[in-house]
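Accompanying notes for the structure given below.
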Amino acid sequence: MNLTSREADLVFAIMRDLSGEFECAEVRRRVGRKLLELLDADYFASYVWDGESGRFSSRVHINMTDDNLSRYDSYYQFRDPITPTLQKRRKATPVSEIMSHDRLAKTEFFNDFLKRDGLCYGLNFFAYDRGDNIGDIRIWRGAKKDDFTSRDARTVDAIGPSLVNALVRARGRACGTSSLRFAQIADRLGYTAREAEIADLLVVGLADKEICAKLGISKPTLRTHISAIFCKSGLNRRAKLPQFLAENYHHY
């Protein structure tokens, strides 16, 4: 991407923050502050998806009111016409790409929640680890500004992998577990992004049926990926993958 010197400085500042040792909420808060400046945006919110309860929690926000966000937590997230679709995407996406602004502006969600704090145009990114949504960034501009562009989305996508790694490290420290993932050493092994994702799911013991359901792929497709994973790593059993990862941790 062709970045201005100001944009490049902000991107490097974000990368420095993402290389630090911060807990999950602080990682998201620091990224949020700089993304507002980088993208000339006005509002930021971030959540972590709780699969067990089926709701977003661990809220972090900038320039939005606690009262309004409490209404989102208790009511509007269950009547949200955009986030479930955006959450399925593995890339930064302007809200208008999945629902036109004119259509969104007619919804209860927009008029009684978004508009109340001045939010008009949005862009979301959802971070995934081992198939789980581990954090998101929701960036919004007010009505007096223009909608987000594909260039804005690509800018956020550029920092996406570093954000995922920072959140993984934060979760690892909180749980006392190793933070290394196959996704982080995929290039060294020659894995595709999908192969690394599947290898990470195999490490945590998911059955083939569970992996297919989580990733939306067929069993024959899964078997093809697993064969490639074994071929590229020199292994022949999925039970050896955790040991392989542990041995590589010290070299990462």
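The values are calculated or read from the model by the stated rules, or taken from the named source; none is laboratory data. Being a predicted model, the structure only gives us computed values, none of them experimental. Neighbour counts are summed over all protein chains in view; Cβ atoms, including those assigned to glycine, are modelled from backbone coordinates with ideal geometry. Areas reflect the complete protein model, heavy atoms only, side chains present, ligands, DNA and RNA absent. Shrake-Rupley method; radii C 1.70, N 1.55, O 1.52, S 1.80 Å.
Key figures
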read-out: Whichever residue in segment 50-66 is in a strand (DSSP E or B) and buried (at least 19 other Cβ atoms within 10 Å of the Cβ) and, among such residues, is farthest from the chain's Cα centre (by Cα); value: His61
read-out: Those residues of segment 108-147 which are open to solvent by less than 10 Å² (accessible area, probe 1.4 Å) and among the aliphatic types (A, V, I, L, M), in sequence order; value: Leu114, Leu119, Leu123, Ala127, Ile134, Ile137, Ile139
read-out: Every pair of residues 6+ apart whose Cβ atoms lie under 9 Å, when the first sits in segment 137-161 and is in contact (Cβ under 8 Å) with a residue 60 or more places away in the chain while the second is part of a helix (DSSP H, G or I) and among the polar types (S, T, N, Q); value: Arg138/Thr83; Phe148/Ser96
read-out: Residue satisfying condition, being of a type in the set (A, V, I, L, M, F, W, C), touching a Gly at 6+ places or on another chain (Cβ under 8 Å) and either surrounded by 15 or more Cβ atoms within 10 Å (Cβ to Cβ) or at pLDDT 90 or above (or both), within set Leu235, Leu245, Leu241, Leu215; value: Leu215
read-out: Pick from segment 204-239, criterion within 17 Å of Gly131 (Cβ to Cβ) and basic (Lys, Arg), ranking: nearest to the chain's Cα centre (by Cα); value: Lys214
read-out: Which listed residue is in contact with a strand residue (DSSP E or B) (Cβ under 7 Å, 6 or more places away or on another chain), closer than 14 Å to Asp129 by Cα and assigned to a helix (DSSP H, G or I), from Leu163, Leu201; value: Leu163
read-out: Yes/no for Leu104 being open to solvent by less than 20 Å² (accessible area, probe 1.4 Å), under 30 Å from Gly216 (Cα atoms) and under 20 Å from the mean Cα position of the chain (by Cα); value: no
read-out: The lone exception for Arg181 - which of (1) in contact (Cβ under 8 Å) with a residue 40 or more places away in the chain; (2) open to solvent by less than 70 Å² (accessible area, probe 1.4 Å); (3) over 16 Å from Ile134 (Cα atoms) it fails; value: (3)
read-out: From Leu39, Leu86, Leu69, residue being hydrophobic (A, V, I, L, M, F, W, C), open to solvent by less than 40 Å² (accessible area, probe 1.4 Å) and farther than 17 Å from Leu114 by Cα; value: Leu39
read-out: Check on Asp208, at pLDDT 85 or above and in contact with a strand residue (DSSP E or B) (Cβ under 9 Å, 6 or more places away or on another chain); value: no
read-out: Selection within segment 146-158 - more than 19 Å from His61 (Cβ to Cβ) and either of a type outside the set (S, T, N, Q) or touching a His at 6+ places or on another chain (Cβ under 7 Å) (or both); value: Asp146, Asp147, Arg151, Asp152, Ala153, Arg154, Asp157, Ala158
read-out: From Val156, Val164, Val168, residue being hydrophobic (A, V, I, L, M, F, W, C), under 19 Å from Cys24 (Cβ atoms), within 14 Å of the chain's Cα centre (by Cα) and open to solvent by 20 Å² or more (accessible area, probe 1.4 Å); value: Val164
